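The values are calculated or read from the model by the stated rules, or taken from the named source; none is laboratory data. The model shown is predicted, which means the values in this text are computed figures rather than measured ones. Please note: Cβ atoms are built from the backbone with ideal geometry, for glycine as well, and neighbour counts cover all protein chains shown. Side chains included, ligands, DNA and RNA excluded: accessible areas come from the protein's heavy atoms. Shrake-Rupley method; radii C 1.70, N 1.55, O 1.52, S 1.80 Å.
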Amino acid sequence: MQVESIIFDIDGTLWDSREIVARGYNRCLINLGHPELQVTADYLTSLFGKTMTEIADAMLPCYPVPRRYEIMNMCMDSEQELMQSDPCQIAFPGVVETLRSLAETHRLFLVSNAQKGYPELLLEKLDVSDLFEGVLCFGDTGVWKGETIRMLMDRHKIGSAVYVGDTQGDLEASRYAGIPFLFCRYGFGHPTEYDAAIDTFSEIRQFVQNV
């Protein structure tokens, strides 16, 4: 069956924002008087792909709920402010060129566990907003990625699709949504299985031609 649409994860799939995100979080934590809670880009590797509440639970267990989620929201606001002013030249090699090529033959979408506005920020920074028909994230839906993928597919009447990501969560979300999972080996995760894998982003063209 020909794949009609390609749905992309963001972090570890299209770009690597760990260093910028860490700087944004740390600026906020220092301003709140908690420099001891600062994080590193390496620390964030295992957290990327999780929902905002899951990240808060891991980063800020010393705070009770809902205060830890309030602080997490402030950290993410700080992150996005920093990314707005940063050129964000952090896309993986070949991403923009390959997306432009794929858009000629497929419908393109984003689904992420990120906060509201983050997918749109990526599209703006990479100057590829015109290539994507729709985006949806945890900040929009409040539900886990598998349900968010289904919501996006229903909303845009997607008949067949593949999800492109890099983590175990991406695999599980793809299985829940009933679509193939294309694993980006260069990303941050180690899923237990996948339907196909790529070592560079540009290899995705070969995959969609052969399904």
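Got a sec? What order do I30, I7 fall in by accessible area at 1.4 Å, biggest, i.e. largest, first?
Details: I30 85, I7 0 Å².
The most accessible residue leads, giving I30, I7.
As an exercise, identify the GluC sites (Glu not before Pro) in region 60-110 lying in DSSP coil whose Cβ has no more than 15 other Cβ atoms within 10 Å. Walk me through the numbers before you get to the answer.
Numbers: sites: E70, E79, E81, E97, E104; in loops: E104.
Passing sites in region 60-110 are E104.
Quick one: which residues, 5+ away or cross-chain, put their amide H under 5 Å from the amide H of A196? H built at 1.01 Å from N.
Distant-sequence amide H within range of A196: F181, F183.
Dipole size in debye (nearest 20) for region 59-211 around its Cα centre, Lys and Arg Cβ +1, Asp and Glu Cβ -1? Let's see the in-between values first.
On the way: 13 positive and 22 negative charges, 80 e Å.
Charge dipole, region 59-211, about its Cα centre: 380 debye, nearest 20.
Roughly how many debye, to the nearest 20, is the charge dipole of region 1-142 about its Cα centre, given +1 on each Lys and Arg Cβ, -1 on each Asp and Glu Cβ, and no other charges?
Values: 10 positive and 22 negative charges, 73 e Å.
For region 1-142, the charge dipole is close to 360 debye.
Cα centroids of region 146-211 and region 1-60: how far apart, whole angstrom?
Centre-to-centre distance over Cα atoms comes out at 20 Å.
Check each of the GluC sites (Glu not before Pro) in region 157-209 and keep only those in coil by DSSP with at most 13 other C-beta atoms within 10 angstrom; list them in order.
Details: sites: E172, E193, E203; in loops: E193.
Passing both the DSSP loop test and the Cβ count: E193.
What distance in nm separates the two pseudo spin-label positions at E36 and D199, each 7 Å out from Cα along the beta-carbon direction?
4.6
Suppose we keep just the DSSP beta bridges with both residues in the chain; what percent of those would be antiparallel, to 5? Can you show the working numbers first?
On the way: 1 of 21 bridges.
Of the beta bridges lying entirely in the chain, close to 5 percent run antiparallel.
Any idea what the relative contact order of the chain is, in percent, if you count C-alpha pairs under 8 Å spaced at least 6 apart? Let's see the in-between values first.
Details: 360 pairs, mean separation 56.4, N = 211.
Across the chain, relative contact order equals 27 percent.
Is the chain best put as rounded, prolate or oblate by its Cα gyration tensor, with a ≥ b ≥ c the root eigenvalues, rounded for a/c under 1.5, and otherwise prolate when a/b is larger than b/c, oblate when not?
Working: a/c = 1.91, a/b = 1.67, b/c = 1.14.
Prolate, because a/c is 1.5 or more and a/b exceeds b/c.
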